[in-house]
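Reading through the structure tokens given below for one structure.
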Amino acid sequence: MNKEKEIDMLKEKLDYYTLVATDEEFDAEEVIKIVKRLEELEPTEAPEKSVDEFLDDFWKYCEEREREEKILEEFRKQK
């Protein structure tokens, strides 16, 4: 597989996990592997945040998504 095809495939998988996957389908370890591989294939400038700060932000995002889903579920039950 050439580099561009691999990048496209990895980005498609990442989009799935971040935009489509349910909580049960979500695989944090797989997302981390994808991001690391993308970084190998497409190095970016060093971020101003550390990896730990990015992971903290990611988990905060996940918690917020769970909270929003609970609110939506409660709203659906009221109908």
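The values are calculated or read from the model by the stated rules, or taken from the named source; none is laboratory data. These numbers come from a predicted model, not from an experiment. In this analysis, Cβ positions are derived from the backbone assuming ideal geometry, glycine residues included, and neighbour counts consider all displayed protein chains. Each accessible area value is taken on the protein alone, full model and side chains, heavy atoms only, with ligands, DNA and RNA left out. Shrake-Rupley method; radii C 1.70, N 1.55, O 1.52, S 1.80 Å.
Tally up the carbon and sulfur contribution to the accessible surface of the chain as a whole percent, 1.4 Å probe, everything protein left in place.
53 percent
According to a simple spin-label model (label point 7 Å from Cα along Cα-to-Cβ), what is the distance in nm between Lys3 and Leu72?
Using points 7 Å along Cα→Cβ, the separation is 3.8 nm.
If you take Kirkwood radius over Cα pairs in Å from the coordinates, which of (1) 14.6; (2) 15.3; (3) 12.6 do you get?
(1)
What whole-number value in Å² describes the accessible area per residue of the range 1-44 for a 1.4 Å probe?
76 Å²
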